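Read the figures in this text as sums done on the coordinates, not as results from a lab. Note that the coordinates shown come from a computational prediction; the quantities given were computed from them, not determined experimentally. No Cβ is skipped: glycine too gets one built from the backbone with ideal geometry, and neighbour counts run over all protein chains shown.
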Amino acid sequence: MRGVVLYGPEDVRVDERARPVVVKPTDAVIRVSAACVCGSDLWPYRGEDPTSEPTPMGHEYVGVVEEIGSDVRNVKVGDFVIGSFMASDNTCETCLAGYQSLCAHVEYAGAGGAQSEYLRVPLADGTLVATPGQPDADLIPSLLAASDVLGTGWFGAVAAEAGPGKTVAVVGDGAVGLLAVLAAKQLGAERIIAMSRHESRQKLALEFGATDIVTERGDEGVAVIKELTGGYGAHSVVEAVGTQESMMQAIRSARPGGHVGYVGVSHGVELPGQALFFSGVHLHGGPAPVRRFLPELIRLVWDRAIDPGKVFDLTLPLEDAAEGYRAMHERRAIKALLLP
């Protein structure tokens, strides 16, 4: 089969790789219908997460079940399925508490590289969720978004306790940040402030439900948030970048007693003790438990109540994956969809 492999910084290739097979009785093998490039894939692409050997890439996927292990009961061959980037049994105490991404038996579902024609998914019963039937082609991008960026944005909004009567600020205008705006809207937030400097992303944020756009960053961005909220700060802030600047901007944009949901993959973030102590804010986040939200997100997409697939502004054949990485790295695209 063909699959995307990262050989080093800015060196993405599509290689011939061995087609995956069922290894454990809890496995499933799916034929990938669509995959995509994630913002987190750009960290190793840029060389900021070193890779010591050629690495299969991709952890967002939808597809059709081709083969199942003898212990798999919840999905069957022929089902169209969506799964999380983290494989979970969905039965341990951590999973039952709603934190499947930190399952006691967690495995990285993208280990085999989802940017490929086929993918082996471990712990299939706890990881994969089947759609009510075979989806229309135009629904596939939105279902794919549910496998990570929608679920991650949703978790960011939930962790920030977005809801009726709340003002929500979103730090980061990538796919996760934009879908945190959508999530905040669905959760009933009264006011949603998107922090973005890019016109195309601002436009999409407004489509998803943003009421205000703030272009400033750092101290200036915090000052504008305070000004928009009568000097208090936002009730809820979603941090969707993962840098020191974005985390401190999020904490300082929240009012005392407010909530920050952090879902950007942390790189070099260190929290100064006194700044945190005197902020009086709640911090909650980490790797999103996408599996917790998948049934609801699939229903919303299936019923056409939301259209998160709009974050894909570049669609390419799998063979052109390197261009998808370049376009996202150069911020010419929000998110690149790959068709095997």
Legend entry - Spacing of the two label points (7 Å from each Cα toward its C-beta) at Q274 and T51, in nm: 4.3
Legend entry - Contour excess over end-to-end distance, with Cα ends at E93 and K24 and 0.36 nm allotted per residue: 22.6 nm
Inset, instruction - Go through region 26-34 residue by residue and turn each phi into a ³J(HN,Hα) via Karplus (6.51, -1.76, 1.60, θ = phi - 60°); whole Hz please, and just put x for glycine and proline. - result: 9, 7, 9, 10, 10, 8, 6, 8, 7
Inset, instruction - Please label the shape of region 278-340 as rounded, prolate or oblate, based on the square roots a ≥ b ≥ c of the eigenvalues of the alpha-carbon gyration tensor (a/c under 1.5 means rounded; beyond that, a/b larger than b/c means prolate, else oblate). - result: oblate
Inset, instruction - Compute the relative contact order of the chain as a whole-number percentage, counting only Cα pairs closer than 8 Å that sit 6 or more residues apart in sequence. - result: 19
Legend entry - Cross-link pairs beyond the 25 Å C-alpha cut-off, checked among K203/K335; K226/K335; K76/K310; K166/K203: K226/K335; K76/K310
Inset, instruction - Just need the relative contact order of region 166-257 here, percent rounded to a whole number, with Cα pairs under 8 Å and 6+ apart. - result: 33
Legend entry - Cut-off 14 Å between beta-carbons: net charge of the residues surrounding T26, Lys and Arg +1, Asp and Glu -1: -3
Legend entry - For D79, distant residues with modelled amide H under 5 Å away: V65
Inset, instruction - Could you check which residue among L144, L314, L182 shows the biggest mean-square fluctuation in a GNM of the chain with a 10 Å Cα cutoff? - result: L314
Inset, instruction - Would you please name the trypsin sites (Lys or Arg not before Pro) within region 274-340 that are DSSP coil residues with at most 13 other C-beta atoms within 10 Å of their C-beta? - result: R304, R331, R332
Inset, instruction - Using θ = phi - 60° and the Karplus relation 6.51 cos²θ - 1.76 cosθ + 1.60, list the HN-Hα couplings for region 189-197 in order, rounded to whole Hz, with x at every Gly or Pro. - result: 4, 7, 9, 10, 9, 9, 9, 7, 10
Inset, instruction - Please work out the C-alpha center-to-center distance from region 235-266 to region 273-295 and express it in whole Å. - result: 8
Inset, instruction - List the longest stretch of the chain that has no exposed loop site; here a site is one of the GluC sites (Glu not before Pro) assigned by DSSP to anything other than H, G, I, E or B, with at most 12 other Cβ within 10 Å. - result: 49-269
Legend entry - Virtual paramagnetic centre 7 Å along Cα→Cβ of W43, amide N under 12 Å, in region 256-286: 263-269, 286
Inset, instruction - Would you kindly state how much longer the chain becomes between R331 and D15 on full extension, computed as 0.36 nm times their sequence separation minus their alpha carbon distance, in nm to one decimal? - result: 111.2 nm
Legend entry - Where labels lie 7 Å past Cα in the beta-carbon direction, separation of R31 and E207 in nm: 3.1
Legend entry - Long-range amide H partners of H259 with built H, under 5 Å: S236, V237, H282
Legend entry - Sites E220 and S70 - FRET efficiency at Förster radius 45 Å, r taken between beta-carbons, to 0.05: 0.15
Inset, instruction - Take the Cα atoms of the chain, find their three principal axes, and give me the spread along each one in whole Å, biggest first. - result: 58, 40, 38
Legend entry - For T315, residues with placed amide H under 5 Å, excluding near neighbours: L337
Legend entry - Residue-count net charge about D173 - beta-carbon cut-off 9 Å; Lys, Arg +1, Asp, Glu -1: +2
